[in-house]
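Below is one structure, written out as structure tokens; comments come after it.
The values are calculated or read from the model by the stated rules, or taken from the named source; none is laboratory data. These numbers come from a predicted model, not from an experiment. Don't worry about glycine lacking a Cβ; one is built from the backbone with ideal geometry, like all the others, and counts go over all protein chains shown.
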Amino acid sequence: MSGQILVVDDDPIECRSLSEFLKLEGYTVESAESGAEAIEKLQDRPFEVILTDVNMPDVTGFDVLKHSTDNHPEVSVVLITGYGQIEAAVEAIKLGAFDYITKPLIDEGVRLTIERALEQQRLRHENFELKRQLGLRNQYSMLLGRDHNMQKIYDIIDVVADTRATVLVTGESGTGKSLIARTVHQKSPRRDKPFIEVSCGALPETLLESELFGHVKGSFTGAHVDKPGKFELADKGTIFLDEISSASPALQVKLLHVLQDRVFTKIGSNETISTDVRVIIATNRDLNEEIEAGNFRADLFYRINVVPIEVPPLRERVCDIARLAEHFAVVYSRENNKIINGITDEAMRKLQQYVWHGNVRELENVIERAVILAKNPGIGVEDLPARVTDDSVASPQTAGVLPLKEALEGPEREVIERALRSTGWNRQKTAELLQVNRSTLFKKMRKYSLTLPQGLEKER
């Protein structure tokens, strides 16, 4: 039997007697003979259940309850009260107490109350773990990629997330490199620690160094107070350095030092600061070309190129365009309080034919504009900008150079989704309509992430 219990009573005999009984029941028990001592013990170690007398001088059982609910909401608090205080104890339950028991205490009543409190703890932990696992399972949903190249990236993330290895994410602007970095962080053991993003290209060299490493008061004009840097703030978490190719040679040396030795110094200080931080770096340039041009240090490149992830441009994963466009349509229809039921087939063909030089970011902007301008429930060709509807800029991949398997995925998903909508998302009727068995339909729905809209029954 497990259970970490804190017994609180200002009567030493009552306190010792109750503690001994619970120890005999197999629990791990600590005792406190005042409310103040109980609060102090709560700072030192975790407890699952607090069993506290209400009527104590100075710091009462209600004070212990308030401190616990404010600072340790995961702890179950059971109040011990006299018959004359039952009304107050009931009110305390509304404020967060798990339960109350009355004096004189009966062994069986105490035992059952503790068992119920611990059972609540167990269910709470199981619920938390279930949510955590579901969160991990759905973390790739924000990347919204079904292309085979994206699947390879997910496999790399699965392997590298639990490690401390530096990750180098490359790809054109707008491909979603920051989402890759956030996904690595969210799947890692550091997920509950800071994720700090720094755009190296957005700051001049002098400010960037201060931003990354911090400075001490008086180290330069305008340094009126000590300032912690991003590496210090990201300790135990992850720092994402975007546009690393824009860092100056001097800053590259300092970054190399941090990556090698996990230490740095603030501007104007001689004190060395250690940091435990996961580093993820991104660039839209070819660093090998930058090295040949003398703009990037080869030793820094070898240090950061531990686990490379190359994000393909959107024009090379046309099968993802429909899924991304529909996702953005839902997001921006909610944001703008508009009813958008989808994208017409003709408009979707135009989206899939267009060469997305700005990649996912450009697609997102186009859909946001379309949602705002749309006069009908569905986004049509008339809602798209002229550059997207101009057939002269069609993607060469839509001319038949896609692998057959990939080329068929987009239409297959559309056919299945259209059939689901026509049957009100009744999967049995949909399977009959498509002349496939239910298990095949379920597999296809999982493959294309076709889930029941909110508000519909979970089993149709």
Scope region 202-254; condition within 21 Å of Ala181 (Cα to Cα) and of a type in the set (Asp, Glu); matching residues = Glu211, Glu232, Asp235, Asp242, Glu243
task = From the list Arg361, Arg278, Arg317, Arg285, pick out the single residue that is closer than 19 Å to Ile180 by Cβ, of a type outside the set (A, V, I, L, M, F, W, C), within 30 Å of the chain's Cα centre (by Cα) and modelled with pLDDT under 90.
result = Arg317
query = Does any residue of region 357-371 turn out to be in contact with a Gly (Cβ under 8 Å, 6 or more places away or on another chain) and under 19 Å from Arg418 (Cα atoms)?
reply = no
ask   = Is there any pair with a first residue in region 167-182 that is free of Cβ contacts under 8 Å to residues at least 60 places away in the same chain and a second that is outside any helix (DSSP H, G or I) whose Cβ atoms are under 7 Å apart and which are 6 or more apart or on different chains, and what are they?
value = Leu179/Leu143; Arg182/Phe195
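Only one residue in Val360, Val355 is within 20 Å of Asp390 (Cβ to Cβ) and of a type in the set (Val, Ile, Thr). Which one?
Details: Val360 fails: within 20 Å of Asp390 (Cβ to Cβ).
Within the list Val360, Val355, the selection yields Val355.
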message = Step by step: first the residues of region 392-425, then only those that are surrounded by 15 or more Cβ atoms within 10 Å (Cβ to Cβ), at pLDDT 80 or above and more than 32 Å from the chain's Cα centre (by Cα), then the one that is nearest to Leu351 (Cα to Cα). Which residue is that?
response = Ala419
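Given the criteria surrounded by fewer than 13 Cβ atoms within 10 Å (Cβ to Cβ) and touching a strand residue (DSSP E or B) at 6+ places or on another chain (Cβ under 6 Å), does Val225 qualify? Working first, answer last.
Working: surrounded by fewer than 13 Cβ atoms within 10 Å (Cβ to Cβ): yes; touching a strand residue (DSSP E or B) at 6+ places or on another chain (Cβ under 6 Å): no.
It is false that Val225 is surrounded by fewer than 13 Cβ atoms within 10 Å (Cβ to Cβ) and touching a strand residue (DSSP E or B) at 6+ places or on another chain (Cβ under 6 Å).
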request  = Would you confirm whether any residue within region 238-256 is closer than 24 Å to Pro189 by Cα, surrounded by fewer than 16 Cβ atoms within 10 Å (Cβ to Cβ), at pLDDT 90 or above and within 30 Å of the chain's Cα centre (by Cα)?
outcome  = no
key: Those residues of region 328-363 which are buried (at least 19 other Cβ atoms within 10 Å of the Cβ) and among the small types (Gly, Ala, Ser), in sequence order   = Ala329, Ser333, Ala347
request  = Could you please find all residues in region 255-280 being under 27 Å from Gly218 (Cβ atoms), out of contact with any Asp or Glu (no Cβ under 7 Å at 6 or more places or on another chain) and not basic (Lys, Arg)?
outcome  = Leu255, His257, Val258, Asp261, Val263, Phe264, Gly268, Ser269, Asn270, Glu271, Thr272, Ser274
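Just to confirm my filter: which strands (runs of 3 or more DSSP E) fall fully inside region 33-129 and include at least 3 residues that are touching a Leu at 6+ places or on another chain (Cβ under 7 Å) and surrounded by 15 or more Cβ atoms within 10 Å (Cβ to Cβ)? Working first, answer last.
Values: elements: 49-53, 76-81, 99-102.
Where strands (runs of 3 or more DSSP E) fall fully within region 33-129 and carry at least 3 residues being touching a Leu at 6+ places or on another chain (Cβ under 7 Å) and surrounded by 15 or more Cβ atoms within 10 Å (Cβ to Cβ), they are 49-53, 76-81.
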